Amino acid sequence: MSSRWIAETLHENGGLTTSYRADKVLYEERTDLQDLVIFDNPTFGRMMTLDGATQVSTRDEFIYHEMMTHVPVLAHGNVRSLLIIGGGDGGILREALRHKTIERVTMVEIDAGVVEFSKLHLPMISAGAFNDPRAELVIADGTKFVAETDHRFDVVIVDSTDPEGPGAVLFEEAFYRNVKRCLNEGGIIVTQNGVPFLQPAELTSTITKFHRLFGDASCYLATIPTYVGGPMAMGWGTDDAALRTLPVATLAARFALAGFETRYYTPEVHAAAFALPRYVQDCFPG
Ligand code: SAM
């Protein structure tokens, strides 16, 4: 049986593609907005790509979803209302709802097709989170939502695609400014900011804008094997600089109170994730 190989083309302009053997293609269609492929790979399990960029794999999604969620939530320490921009597969929603102190999670996803096909073909990612009474799903452009909502949030997590297609607007200063408008005092924004070894300009662009908008702008790192090229940067913006350097003991006490198990996140990993190698620091504006 000849196998089909599905290429990730995100870095093809740099002469790099990675291919995944697709032992079974479960879904391949253009939604109203994006080309969506869901397939099974022997190493990474079930995978989803959007417009040729790997979005999620069942084998390593826990790393990304735990680190994008528990780092800002436990650093903040008293999250009641959380906003997810993007996040169509439901992984961030699942992790956010594990915090029983969180009263409401609003998820603004532009492509209903991603949510529907993820529920159908990747149900283990959302794991029922869309049915949680605290979850509110809004199908809309995230930029429009943050410009118009009168709701306020303690943490905003931008789980976007890369800055191409419908995701491009989620990397613009106007969007970040409106996110800040929606944040409560002491609030935190976290952004999916690509792999700085391959996409340094993306991180520089975001941090430069965060520097203009927030008292503290940085990033933290986690290595997700299917996001090729080394550690991924998660952009960090807040007006409370102390939130980035909390002692492990504080994080550990909060994590113990949260009362759930993780497979990647630990308070020590949380603190260490903000220790940046020189080449990542060099992405920051002077
Ligand atoms: N974890 C993935 C990564 O790091 O690339 C991202 C996962 S999630 C599938 C990305 C989501 O962002 C997609 O569902 C996409 O439809 C959504 N998205 C893209 N542009 C958007 C916009 N302007 N507003 C809201 N959602 C958007």
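The values are calculated or read from the model by the stated rules, or taken from the named source; none is laboratory data. Because the structure is a prediction, the values reported are computed rather than measured. Positions of Cβ are generated from backbone atoms using ideal geometry, with glycine treated the same way; all protein chains shown enter the neighbour counts. These accessible areas exclude ligands, DNA and RNA; they are computed on the full protein's heavy atoms, side chains included. Shrake-Rupley method; radii C 1.70, N 1.55, O 1.52, S 1.80 Å.
Compute the distance from the alpha-carbon center of the range 216-286 to that of the range 126-145, in whole Å.
Using only Cα atoms to place each centre, the spacing works out to 25 Å.
Roughly what would the spin-label model give for Y264 and E148, points 7 Å off Cα along C-beta, in nm?
3.4
Note the angle between two axes, namely the Cα long axis of helix 112-121 and the longest principal axis of the Cα atoms of the chain, as a number of degrees from 0 to 90, rounded to the nearest 10.
For helix 112-121, the angle is close to 70 degrees.
Taking 27 Å as the cut-off for C-alpha to C-alpha distance, list the pairs among K144/K209; K24/K100; K100/K180; K24/K119 that go past it.
K24/K100
Karplus couplings for the range 215-229 from phi (6.51 cos²θ - 1.76 cosθ + 1.60, θ = phi - 60°), rounded to Hz, Gly and Pro as x?
Per residue, the Karplus-derived 3J(HN,Hα) values read x, 9, 9, 7, 8, 9, 10, 8, 9, 10, x, 7, 9, 5, x Hz.
Suppose each label sits 7 Å from its Cα in the direction of the beta carbon; what would the A242-L198 distance come out to in nanometres?
With each label placed 7 Å out from Cα toward Cβ, I get 4.0 nm.
Using 0.36 nm per residue of separation minus the Cα-Cα distance, give me the extension gain between N131 and A275 in nm, one decimal.
The N131-A275 span can extend by a further 48.1 nm.
For the range 209-286, which trypsin sites (Lys or Arg not before Pro) pass both filters: DSSP loop (anything but H, G, I, E, B) and at most 16 other C-beta atoms within 10 Å? Don't jump to the answer; show the numbers that get you there.
Numbers: sites: K209, R212, R244, R254, R263, R278; in loops: R263.
Sparse-neighbourhood loop trypsin sites (Lys or Arg not before Pro): R263.
Determine the per residue accessible area of the range 61-281 with all protein chains present and a 1.4 angstrom probe, expressed in square angstrom.
37
With everything on Cα atoms, drop me the angle between helix 248-258 and the longest principal axis of the chain, reported from 0 to 90° to the nearest 10.
Helix 248-258 sits roughly 70 degrees off the main axis of the chain.
Mind pulling the angle between the C-alpha long axis of helix 200-213 and the longest principal axis of the chain? Nearest 10 degrees, somewhere in 0 to 90.
Long axis of 200-213 versus the principal axis of the chain: about 30 degrees.
Using modelled backbone amide H atoms (1.01 Å from N, in-plane), which distant-in-sequence or interchain residues come within less than 5 Å of V138's amide H?
For V138, the qualifying residues are M107, V108, E109.
Just from its helices, what would the mean residue ellipticity at 222 nm be for the chain, if runs of 4 or more DSSP H residues each count -39500 (n - 2.57) and the sum is divided by every residue, rounded to the nearest 500 deg cm²/dmol?
So the calculated ellipticity at 222 nm is -8500 deg cm²/dmol.
Any chance you could tell me what percent of the C-alpha pair distances in the range 1-83 go past 21 Å?
Tail fraction, whole percent: 44.
Please list, by residue number, everything in the range 102-117 whose backbone N is under 20 Å from a paramagnetic label point 7 Å out along Cα→Cβ of T9.
Residues 114 fall inside that zone.
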